[in-house]
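As C-alpha cells, the structure follows; a few thoughts come after it.
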Amino acid sequence: MRKMKTPEPQLYYYDLAPNVTAFSSTRHGGVSEGNYASFNVNSYSGDDPEHIAQNRRALCKLLHIKPDRLIMPHQVHGTGVTQISKTFFLLSEDIRRTALEGIDALITNVPGICIGVSTADCIPIIIYDPEHHAAGVVHSGWRGTVANIVEAAVAAMARSYHSKSESLLAVIGPGISRRNFEVGDDVYEPFAAAGYPMEAIAERMDKWHIDLPNCCQLQLESTGIPSANIRLTDICTYDQTDDFFSARKLGTSSGRILTGIVLR
C-alpha cells in the first residue's frame with residue numbers, strides 16, 4: 001500500500017527581518033483529526049502521538065531544520081525563561097526535557113533552530129533583537145500577563161545578549177480578543193492589583209472582559225520597546241476557529257497554535 005504524503009503546514013508568517021523566519025501555525029496542512037485537525041504539534045493536549053510526530057516532521061522540513069532543532073517548552077502559565085544555547089544540544093534527551101519543564105518563554109541566538117510556544121487563546125509574543133541577532137518567544141496567558149512574563153523575557157535577553165529595549169522588534173500573535181475574553185472577579189482583581197489601567201484594558205458587559213493583547217502591548221512598551229516596533233496581529237482565536245485553535249470554543253482537548261522563530 002502506498003504511504004500517504006503528509007500535507008505541508010500552512011503558516012502565518014511575520015516579516016521581521018530577511019535572515020529570520022517568524023510565524024504562527026494555522027489549523028491547516030497536517031494529519032491530526034477532530035478538534036486537533038489538522039495541524040497540531042503540541043504533545044500535552046491529548047492528540048495522537050503519531051499525528052504529532054508526522055506534523056512535526058513536516059514542519060521541520062518546511063523550516064529546513066533538523067527534527068531535534070524544534071524546541072518547545074512544557075508551559076505552566078508562569079514566568080520561567082530558559083536560554084537555548086549551543087550546549088543545550090550536547091545534553092541527553094532526558095536532561096533537555098527537564099530543562100524545558102515548567103517554562104513559558106525561550107530565548108536564543110543560535111541559528112538553525114526553532115524556538116516556539118503553544119497557545120489556543122493565550123497570547124504568543126515574538127521578540128527579535130536585530131542588533132545582536134537574538135530572539136525570544138513568550139506564552140502570555142492571563143496569569144503570565146499579570147505576573148509580567150514579558151518583562152522577564154526582555155530582561156533575560158538583556159542579560160544574555162546585551163539586548164537594548166529600544167532596538168527590539170515584537171509581534172503579538174493570535175489570541176482571544178477582549179470581546180470574547182469574559183472573566184470573573186477572580187481574574188479582574190489580580191489585574192487591578194498589578195496596576196493595570198483597568199479603564200483601558202477592561203470593559204463591563206454582563207461580566208468583565210479583559211483585553212489581553214492590549215495588556216501585552218502595554219507590557220512591551222513598559223520595557224522600553226517603542227510602540228512603532230510592536231506589531232499586533234489582531235487575530236481573535238475564538239472568532240476564527242476555522243483557521244486557529246481556541247480552547248474556549250473547542251475545549252482543552254484540542255490542538256494548539258505554535259508561534260515560533262528561526263534565526264538564519
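The values are calculated or read from the model by the stated rules, or taken from the named source; none is laboratory data. Since this is a predicted model, take the numbers as computed values, not measurements. So basically every Cβ, Gly included, is an ideal-geometry build from the backbone, and we count neighbours across all protein chains shown. Calculation scope for accessible area: heavy atoms of the full protein, side chains included, ligands and nucleic acids excluded. Shrake-Rupley method; radii C 1.70, N 1.55, O 1.52, S 1.80 Å.
Of the strands (runs of 3 or more DSSP E) contained entirely in the stretch 175-262, those carrying at least 1 residues that are buried (at least 16 other Cβ atoms within 10 Å of the Cβ) and touching a residue at least 40 places away in the same chain (Cβ under 8 Å) fall at 208-210, 230-232. Checked against (1) in a helix (DSSP H, G or I); (2) under 15 Å from S24 (Cα atoms), A158 passes all but a single condition, namely (2).
In the stretch 121-138, the qualifying residues are those that are in contact (Cβ under 8 Å) with a residue 60 or more places away in the chain and open to solvent by 10 Å² or more (accessible area, probe 1.4 Å), and the one that is farthest from S163 (Cα to Cα) is D121. Of all residues in the stretch 146-169, which are out of contact with any Gly (no Cβ under 9 Å at 6 or more places or on another chain) and either among the β-branched types (V, I, T) or open to solvent by less than 20 Å² (accessible area, probe 1.4 Å) (or both)? Of everything in the stretch 146-169, those that are out of contact with any Gly (no Cβ under 9 Å at 6 or more places or on another chain) and either among the β-branched types (V, I, T) or open to solvent by less than 20 Å² (accessible area, probe 1.4 Å) (or both) turn out to be V146, Y161. Here T21 does not qualify as modelled with pLDDT under 95 and either hydroxyl-bearing (S, T, Y) or under 23 Å from D234 (Cα atoms) (or both).
Against the list (1) at pLDDT below 95; (2) within 30 Å of N229 (Cα to Cα), the condition L11 fails is (1).
Just to be sure before I move on: is E203 farther than 30 Å from A17 by Cβ and in contact with a Lys or Arg (Cβ under 6 Å, 6 or more places away or on another chain) in the structure I sent? Spelling it out, it is not the case that E203 is farther than 30 Å from A17 by Cβ and in contact with a Lys or Arg (Cβ under 6 Å, 6 or more places away or on another chain).
Restricted to the stretch 11-120, the set of strands (runs of 3 or more DSSP E) holding at least 1 residues that are surrounded by fewer than 18 Cβ atoms within 10 Å (Cβ to Cβ), on the phi < 0 side of the Ramachandran plot and of a type outside the set (A, V, I, L, M, F, W, C) comprises 11-14.
Which of the residues spanning the stretch 217-254 are among the acidic types (D, E) and under 15 Å from the mean Cα position of the chain (by Cα)? Residue satisfying the conditions is D234 alone. Would you check which residues across the stretch 17-45 are more than 30 Å from N229 (Cβ to Cβ) and among the β-branched types (V, I, T) and list them? Once the filter is applied, which keeps residues that are more than 30 Å from N229 (Cβ to Cβ) and among the β-branched types (V, I, T), the stretch 17-45 yields only V31.
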